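Asker: Handing you this structure, nothing more for now.
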Amino acid sequence: MAAFTGAPTPEPGPARDLLRAAFAVVDRVPRHEIGTGDLTIAAQDWPALSVTVPVTPWQAATLVDRFVDLLRPLTVHRLREVAAGLGVEAGALVHRLQNAEDQDSRGEPDVSAGWAGRTLHEALAAGPDWTAALRVWTLAVPELAAEDPANWPLVFEDALRGAVLEMLAQAADGLLRASRFTPASLEWVADGKGFTAHQPVSASSHGLQARLQPAHPKGPLLPGWDRPVWPADGTSWTPPREAWRWEVGWPLPDGTFQGQAGYCATEPSRALARFAAEQTIAELLPGARGLRQSFTGRLLVPRRQPLTGDDPAMRVVTLRSLLLGASRADPDDAAPTRAQAWQRIAENISLPAPCPPESAAADERTLQQLLHFLAVQAVVLTPPAHRYLSGLDHHAAPLSMDHRHARGLRRAMEPATAQEAEQLEADLGPLPPGTEWTDLLDPALLEAFLDARP
């Protein structure tokens with residue numbers, strides 16, 4: 001867990017005992033209820049509840065409360081010993097001091113703390129800015145760290161407890177992450193830039209791919225902030241200076257690799273990056289049949305049989321979605337072909353679009369070939385969306401994107417039967433009184449209509 005968090009491994013003693021006690025608390029909680037990083041977020045905000053999107057689960061705050069209970073009995077001398085064993089960094093301590101919010105909780109300068117205590121109080125009173133942070137670190141923290149803990153001002157003790165709490169949460173997050181999935185066994189091959197591994201997936205022509213590449217290590221915000229306030233006796237630990245980035249995804253038909261959003265990160269070592277990538281592969285494999293690329297919308301496992309309504313990966317595309325994609329395209333695009341017009345719309349709303357060497361990518365291909373391509377990608381158009389696309393595709397000669405959109409819109413907004421009108425209402429919502437569908441051919445009226453029905 002120390003390797004996961006980039007911290008030194010604590011020697012036998014109070015710090016290791018505290019970590020074991022924290023891990024015992026985590027072991028009593030179902031792991032699926034807490035996401036990676038939730039405990040660290042909750043600890044950073046403690047005692048306030050974290051305000052995050054998505055919402056941090058309440059179980060994370062409850063666990064952090066239990067960590068606080070473990071810290072509460074520690075005397076200041078034992079707290080210093082624990083902080084030294086865990087390798088609390090100067091930057092974490094200064095950050096806690098910066099964010100001390102309640103002026104009353106700081107109290108008056110503690111005369112017993114001497115010059116360092118008064119300097120600390122003055123720096124905190126200056127507010128949470130870089131000048132105050134530099135002054136705290138360069139003047140007060142080193143001297144206070146050398147003081148007898150019995151002479152520490154209360155705000156310094158509270159900041160140190162908060163920094164230790166955050167380190168417990170980081171280690172617990174590492175435990176949850178490491179135990180969430182058993183890593184897949186992959187064969188890694190050097191590729192000139194780093195390492196690549198492939199995981200076959202049934203019915204997929206390329207399977208999943210994992211990549212490791214060297215990255216620039218993240219340095220401290222200020223010099224010295226990544227150094228332990230109290231270097232552990234007999235150790236030569238220094239902050240990691242290596243960094244490796246991993247990502248998982250799969251290639252497009254032309255060979256261009258597409259990573260999955262949320263399935264990439266930078267780790268402090270190649271071994272950890274490999275572990276994370278292999279663990280991610282193991283996480284994704286059970287649901288591989290429903291995986292789509294984050295930005296292109298393409299399936300990892302294309303459908304070879306006709307779509308059925310119970311296919312969990314099926315994506316139904318409405319006219320509203322296509323209008324949204326068209327609104328984000330450049331209307332003055334000089335000469336998009338039929339295939340290019342669809343690509344302009346699709347890329348704006350993460351829908352799959354053909355690309356070479358797929359036959360449906362060619363400009364002269366028919367609408368039916370494009371619809372077949374979409375069916376293979378488990379994408380189905382509603383009837384109004386289908387009519388829009390047929391109008392968009394009607395003219396083979398080069399036209400501006402604006403002209404193609406106008407043709408598609410006219411085809412969709414001129415219902416020939418009562419059933420087509422009902423389908424439009426299902427896609428876009430009911431018309432305002434006294435309005436016809438053809439009135440929405442006016443761009444301003446269409447925009448106002450769609451804005452009123454998000």
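Asker: Kindly list, by first and then second residue, each pair from a residue in the range 146-163 that is in contact (Cβ under 8 Å) with a residue 40 or more places away in the chain to a residue that is acidic (Asp, Glu) and surrounded by fewer than 23 Cβ atoms within 10 Å (Cβ to Cβ), limited to pairs with Cβ atoms under 7 Å and residues at least 6 apart or on different chains.
Answerer: Listed by first residue and then by second, the contacts come to PRO153/ASP110.
Asker: Residues in the range 422-454 that are in contact with a Gly (Cβ under 9 Å, 6 or more places away or on another chain) and assigned to a loop (DSSP other than H, G, I, E, B): how many?
Answerer: Total meeting the criteria: 2.
Asker: Can you confirm whether the range 143-164 contains a residue that is within 26 Å of PHE23 (Cα to Cα) and surrounded by fewer than 17 Cβ atoms within 10 Å (Cβ to Cβ)?
Answerer: Taking every residue of the range 143-164 in turn, at least one turns out to be within 26 Å of PHE23 (Cα to Cα) and surrounded by fewer than 17 Cβ atoms within 10 Å (Cβ to Cβ).
Asker: Now for a separate question. Would you tally the residues in the range 325-352 being among the hydrophobic types (A, V, I, L, M, F, W, C) and touching a residue at least 60 places away in the same chain (Cβ under 8 Å)?
Answerer: Counting residues in the range 325-352 that are among the hydrophobic types (A, V, I, L, M, F, W, C) and touching a residue at least 60 places away in the same chain (Cβ under 8 Å) gives 5.
Asker: Something else: Could you identify the single residue in ALA178, ALA150 that is within 30 Å of HIS198 (Cα to Cα), small (Gly, Ala, Ser) and modelled with pLDDT of 70 or more?
Answerer: ALA178
Asker: Being closer than 27 Å to SER350 by Cβ and open to solvent by 50 Å² or more (accessible area, probe 1.4 Å): is that true of ASP191 here?
Answerer: No; evaluated as a whole, the condition is false for this residue.
Asker: If you check ASP310 against the conditions, is it open to solvent by 40 Å² or more (accessible area, probe 1.4 Å), in contact with a helix residue (DSSP H, G or I) (Cβ under 8 Å, 6 or more places away or on another chain) and assigned to a loop (DSSP other than H, G, I, E, B)?
Answerer: Here the answer is no, as ASP310 does not meet what is asked.
Asker: Pull up the range 242-263, narrow it to residues that are in a strand (DSSP E or B) and touching a helix residue (DSSP H, G or I) at 6+ places or on another chain (Cβ under 9 Å), then point me to the one that is most open to solvent (accessible area, probe 1.4 Å).
Answerer: ARG245
The values are calculated or read from the model by the stated rules, or taken from the named source; none is laboratory data. These numbers come from a predicted model, not from an experiment. With ideal geometry, Cβ positions are generated from the backbone for all residues, glycine too; neighbour counts draw on all protein chains shown. Heavy atoms of the whole protein, side chains included, go into the accessibility calculation; ligands, DNA and RNA do not. Shrake-Rupley method; radii C 1.70, N 1.55, O 1.52, S 1.80 Å.
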